Amino acid sequence: MPKLGIVTVLYNSEKVLKEFFESLDRQTFRDFTLYVIDNASPDGSLREAERLSRQVSFPCVTMPQPENWGVAKGNNLGIEAAMNDGCELILLSNNDVVLNDPDTLRIMVDKMTGSDIDILCPKINYYAESNRIWAAGGDYTMLDTCTLHYGRDEIDRGQCEEEKVIRYTPTCFAMIKTSLFRKIGIMDEWYFVYYDDTDFMYRAWKSGAKIVYTPATMLLHNESVCTGKGSPFKHYYLARNQLYFIKKNRNMPVFLTMLLYRTLTFSLLHRWTMEKPLWKAELKGLREGFKASLKYRNTNMLK
């Protein structure tokens, strides 16, 4: 069996860690190490992670950071640590997920071992409504390359029970072969948060990587615990990172079309319908995303 490294990044995650650690400790697959990167959380995340690491039966490596580097660099620190420790598989995981099936890791490792699958994701349902789907794999929209989740917000009636090759999955719970990181590089740290996973999955798909969704196991996801829904933080980074992503990964006509669309949408709609902190955050994000797009250079390769 290959060795598995699980990478999770903390930022104000204290309240979700207990269930996360306990659900990992119930797993029947045991050959894994948890790498916990704490991005200088102002709450008690690091203290709680260290306390829980002494109570579980799997090895846990805590990596406290001097400042908040963002989720992309946090993941990269964990990825590189896991690779240096000889892990053949790396699971990028949010810590606001609960593995309610004790065989989740075993099922996923078994499916990847000896197969041509490069990335594997399970069905993910909402934590608050375990019968409602959050993601059953995903894809990209044609023009802006935004992501969509198959089955999103649908009541789970068994409509996503077919294993299939997909083009995108969020990295809130994605198992990846280390050979793929060596081939296409790691996360682009400029994103900080949001679109870092879109960028990585898009590069993986374009490189010919095989990305597979399996309904053989399911977990629960408590969305936006750390960043908040509809916050200025989220509006800023989504606006900033979308323009950069399109300039980096698509052609100039698509970039100019999206720039015009975002400008018109903001000036004619968002500026007048959003609360002031939200539209100001979006405007700042659009400006900084445009500037960064003009200066784009490749920064995602392994050191």
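The values are calculated or read from the model by the stated rules, or taken from the named source; none is laboratory data. No experiment lies behind these values; they were computed from the predicted model shown. In this analysis, Cβ positions are derived from the backbone assuming ideal geometry, glycine residues included, and neighbour counts consider all displayed protein chains. Just so you know, the surface numbers come from the protein's heavy atoms only, side chains and all, with ligands and any DNA or RNA stripped out. Shrake-Rupley method; radii C 1.70, N 1.55, O 1.52, S 1.80 Å.
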| query | What GluC sites (Glu not before Pro) in segment 1-76 are in a loop by DSSP, with at most 12 other Cβ atoms within 10 Å of the Cβ? | reply | Glu67
| Estimated distance in nm for a label pair at Glu14 and Phe233, the labels positioned 7 Å out from Cα along Cα-to-Cβ | 1.5
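Where in the chain are the DSSP H helices whose alpha-carbon span along the long axis reaches 18 Å or more and whose Kyte-Doolittle mean is at least 0.0?
Values: long enough: 71-84 (20 Å, 0.08); 232-249 (25 Å, -0.88); 252-265 (19 Å, 1.18); 276-294 (28 Å, -0.51).
Membrane-span-like by this criterion, though nothing is claimed about a membrane: 71-84, 252-265.
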| query | Semi-axes of segment 27-161's equivalent ellipsoid from the Cα gyration tensor, sqrt of 5 times each eigenvalue, largest first, rounded to whole Å? | reply | 27, 19, 18
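Could you tell me what percent of the accessible area of the chain is made up of carbon and sulfur, with a 1.4 Å probe and every protein chain present? Mind dumping the intermediate values first?
Numbers: 6970 of 13270 Å².
Of the solvent-accessible surface of the chain, carbon and sulfur hold 52 percent.
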| At most 11 other Cβ within 10 Å, DSSP loop - GluC sites (Glu not before Pro), segment 207-291 | Glu275
| FRET efficiency, 1/(1 + (r/R0)^6) with R0 30 Å, evaluated for Lys210 and Thr257 via beta carbons | 0.45
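Which trypsin sites (Lys or Arg not before Pro) from segment 1-93 combine a DSSP loop assignment with at most 11 other Cβ atoms within 10 Å? Walk me through the intermediate numbers first.
Numbers: sites: Lys3, Lys15, Lys18, Arg26, Arg30, Arg47, Arg51, Arg54, Lys73; in loops: Lys3, Arg26, Arg30, Arg54.
In loop regions of segment 1-93 (DSSP not H, G, I, E or B), the sparsely surrounded trypsin sites (Lys or Arg not before Pro) are Arg54.
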| query | Roughly how many whole Å is it from the C-alpha centroid of segment 181-240 to that of segment 63-85? | reply | 15
| Ranked from the most accessible area to the least, with a 1.4 Å probe and all protein chains present, what is the order of His270, His221? | His270, His221
| task | Pop a pseudo-label 7 angstrom from the Cα along the beta-carbon direction at both Glu223 and Leu269 and give the gap in nm to one decimal. | result | 1.8
| task | Run the dipole for segment 1-94 about the Cα centre, Lys and Arg Cβ at +1, Asp and Glu Cβ at -1, nothing else charged, and hand back the magnitude in debye, nearest 20. | result | 160
| query | If only Cα atoms are counted, what is the Rg of segment 83-178, and what is its Dmax, in Å? | reply | 14.0, 42
| task | For the chain, report the accessible area per residue in Å² (1.4 Å probe, heavy atoms, rounded to an integer). | result | 44
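How large is the dipole of the chain about the Cα centre if only Lys and Arg carry +1 and Asp and Glu carry -1, each at its Cβ, rounded to the nearest 20 debye? Intermediate results must be reported in sequence, preceding the final value.
Details: 39 positive and 37 negative charges, 266 e Å.
Using only the charged Cβ atoms, the result is roughly 1280 debye.
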| Spatial extent of the chain: Rg and Dmax, with the Cα atoms as the point set, Å | 18.9, 57
